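A quick write-up on the structure given underneath.
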Amino acid sequence: GGGSWNLVSDRYRNNAIGSVRICPSNPQIVIAGLGTPYGLNAYKLDDGVLKSTDGGNTWAVVGPSVSADEAVTQVEFSINDPNTFYAASETGLYRTTNGGTSWSTILSLGGQHSWDWMPSLALHPTDPNTALVAAKEVGIMRTSNGGTSWTRVDQTMDQTNPISVLAWSKSNPAVVYCERLGSVGPQGLWSVGQQMFTYRSSDGGLTWTPGVVMNDFQQGRYDMSVAVDPTNENRVLTANSYMAETL
């Protein structure tokens, strides 16, 4: 339960890890995305995704084929198939259906190698063919056919700075939450905003209802996070310059 820890990766080879996931149906299978934006990829020697089939004791690079500057900042397993998983970078969303032997690009995101272009991927908790992807370049895109086609669904949201993060409710699959950066404020070392918009969807991400606007000093994409209590669709936490909770 966190009382003790063992190092399971070679920290001298790769210590820029963007995301780690344990397979829901087989906890011995673990995947990790390599790289972080904004020039910090010097802290890795491999590119793409690492995979372990023995609980993290040994690892292998399984793709996809990405450039050294590209950061895989989110990886996710399909809900019903341990051989199907996703890797999201600032330039694309990739998928493998054979455990990493081969990959396909199912959505081009066209972003830059910077924090603000980090994508947010949310998979439907019960339907393996439905997913949402948020990225600065494309807004929020939705698929209901496994990535064959995508539709933009954030047109009713504030478009001042379309940088968003997403979280799907596990207890009620119709409910999705979105946190979106507001108007850009003072420019310093990092890009910052003055507001944070919140949105809720009750139809699986097809349409959105605006919620609370948080008026306070906010940082950019690299500090944005949103999570839904897996047992309560109405309990949500958002994080940025501070953490907020709604019940």
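The values are calculated or read from the model by the stated rules, or taken from the named source; none is laboratory data. On a predicted model such as this, the values are computed, not experimentally measured, just so you know. FYI the Cβ positions are ideal-geometry reconstructions off the backbone, even for glycines, and counts take in every protein chain you see. SASA here: full protein model, heavy atoms, side chains in, ligands and nucleic acids out. Shrake-Rupley method; radii C 1.70, N 1.55, O 1.52, S 1.80 Å.
Here region 66-83 is the region considered, the condition is being hydroxyl-bearing (Ser, Thr, Tyr) and under 24 Å from Tyr222 (Cα atoms), and the residue that is least open to solvent (accessible area, probe 1.4 Å) is Thr73.
In region 204-247, which residues are outside any strand (DSSP E or B), more than 17 Å from Pro162 (Cβ to Cβ), at pLDDT 95 or above and open to solvent by 60 Å² or more (accessible area, probe 1.4 Å)? Of everything in region 204-247, those that are outside any strand (DSSP E or B), more than 17 Å from Pro162 (Cβ to Cβ), at pLDDT 95 or above and open to solvent by 60 Å² or more (accessible area, probe 1.4 Å) turn out to be Leu206, Pro230, Thr231, Asn234, Arg235. Within region 5-64, the only residue that satisfies the criterion of being of a type in the set (Val, Ile, Thr), open to solvent by 20 Å² or more (accessible area, probe 1.4 Å), in contact with a Leu (Cβ under 9 Å, 6 or more places away or on another chain) and closer than 23 Å to Gln112 by Cβ is Ile17. When each of Ala122, Ala88, Ala42, Ala32 is tested for being farther than 23 Å from Val176 by Cα, under 17 Å from the mean Cα position of the chain (by Cα), outside any loop (DSSP other than H, G, I, E, B) and of a type outside the set (Asp, Glu), the lone residue that passes is Ala32. Filtering region 60-77 to residues that are at pLDDT 95 or above and in a loop (DSSP other than H, G, I, E, B) leaves only Pro64.
Criterion applied to Arg200, Arg180, Arg142 was being surrounded by fewer than 21 Cβ atoms within 10 Å (Cβ to Cβ), among the charged types (D, E, K, R), within 19 Å of the chain's Cα centre (by Cα) and at negative phi, and the one residue passing it is Arg200. Of all the criteria given as (1) open to solvent by 20 Å² or more (accessible area, probe 1.4 Å); (2) on the phi > 0 side of the Ramachandran plot; (3) modelled with pLDDT of 95 or more, the one not satisfied by Gly99 is (1). Of all residues in region 133-185, those that are aromatic (Phe, Trp, Tyr) and part of a loop (DSSP other than H, G, I, E, B) total 1.
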